Each structure stands twice: as structure tokens, then as C-alpha cells.
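One structure is given here, and the rest of the page talks about it.
The values are calculated or read from the model by the stated rules, or taken from the named source; none is laboratory data. If you're wondering where the values come from, they're calculated on a predicted model, not measured in any experiment. Here the Cβ is made from the backbone with ideal geometry for all residues, glycine too, and neighbour counts use every protein chain on show. The area values use the complete protein model at the heavy-atom level, side chains included, leaving out ligands, DNA and RNA. Shrake-Rupley method; radii C 1.70, N 1.55, O 1.52, S 1.80 Å.
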Amino acid sequence: MSSDYNTLTDIELSNLLATEGESVFRVIYERYWDKIYVMASHRLNDKTEAEEVVQDIFCNLWRKRQTLVLTRGFSNYFAVAVKFEVINRLAKKDRATAYEKELARALSQADETLLRQLDYNELQHQFQLTVNALPEKCRIIFKLQHENGYSLQEIADELNISTKTVESHLTRARKTLRGAFGNFLGLML
């Protein structure tokens, strides 16, 4: 009977597909595989993906065999199926590419933010080391003003020294820090 299927029209094959199953499907597959492949390959410029398109179209045909109503023939059916399958695949690729670009941009921003934070943390660490290396009185006065927010007068009262002495120690501390950090000193204070 399968040799008889080869002489049937597309409409006749589609009518038998639901009842005769595999034998009819095999005839349709052999009749149209190459044609579908050429259409898909031409639109996608990718032989492997074109083969996947063909397989997906035939899988869909098999799943729909019970409800398929063919009105114009398989050539038209497969041309439309290839068109939509290619559109879906290209749209999926575009979405994936857009997602990858957005992810790369987000990761790049995150990396840049992390690097800035690491740079700032390293700068902050070096700043603390430099402050800790100041002479004791100079360090205490600097910390009272910049970490505790004391005014010159409050520091002078706290340490029982004149405000001129406080100013002198602060000037020495800033000079040392400016020598170590240059323009970055403003960021650290």
C-alpha cells in the first residue's frame, strides 16, 4: 500500500495522515524534506539550524496529524511553516542577543563599580596607614578634628594646649597627607 501513497495528491495524503499514520507521513517526509531544507537554509544561512527547522516542522505536522485540514497542498503549508519557524528563531536570537548585551553592560557597570569601590577602599586603607604614621600629637589632633568633629578650640581645651599649637599640628598633618595623596586628599577628608 505504501507504494500507492506515492501517487496520491497532497490533499489525499493529508486526509489519510490521521488514519494511516507513519506510512503516509514517511511519503510526505520523503517528498518534501529537501524542499523545506532548501527554503530554511536559504533564509537562515545556517545548515545545522535549517535541519533543526525541518525537523521541528515535521514534528509539528506529526503532532497535528489528527486535526490537520490542508486546503492548498503541502508546498504552501510548508512554505508558511518555514516562514514562521524562521521568524520565531530569528526573534529568539534577537532577544538572546539583546539579553546578552544588557547582561554584559550590567556586568561591566557592576565590575566598574566594584573596581571603584576596591580602589576607594585601598585608598582609604592607605590613608589610615598614613594617618597612623603621623607623630603621636599630630595624629591625635588630626583624628579629633576629622573623626570626632572637634573644633580648634575644643581640641585645645581637651589637650590643654593653645589653638596655635593645634593649628601647627593640623598644618603638619595636612602637609604630610597632601604629599602622600595629592589631589585625592579632598576625597579622604
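Scanning region 16-26 for residues that are crowded, with 16+ Cβ neighbours inside 10 Å and without any contact (Cβ under 8 Å) to a residue 40 or more places away in the chain turns up Leu16, Glu20, Val24. Filter region 46-69 down to the residues that are at pLDDT 90 or above and among the polar types (S, T, N, Q), then identify the one that is farthest from the chain's Cα centre (by Cα). Out of the qualifying residues, it is Asn60. Selection of first residues in region 122-133 that are farther than 17 Å from Lys175 by Cα and of second residues that are open to solvent by 80 Å² or more (accessible area, probe 1.4 Å), restricted to Cβ pairs under 8 Å at least 6 apart or on distinct chains, gives the following pairs, ordered by first then second residue: Leu123/Phe184; Leu123/Leu187.
One residue stands out among those in region 109-165 that are in a helix (DSSP H, G or I), open to solvent by 80 Å² or more (accessible area, probe 1.4 Å) and at pLDDT 85 or above: the one that is nearest to Arg178 (Cα to Cα), which is Leu129. Checking every residue in region 58-66 against the condition of being over 18 Å from Thr9 (Cβ atoms), assigned to a helix (DSSP H, G or I), touching a Phe, Trp or Tyr at 6+ places or on another chain (Cβ under 9 Å) and among the aromatic types (Phe, Trp, Tyr) gives at least one match. Residues in region 63-89 that are open to solvent by 70 Å² or more (accessible area, probe 1.4 Å), in contact (Cβ under 8 Å) with a residue 12 or more places away in the chain and among the aliphatic types (A, V, I, L, M): Val69 alone.
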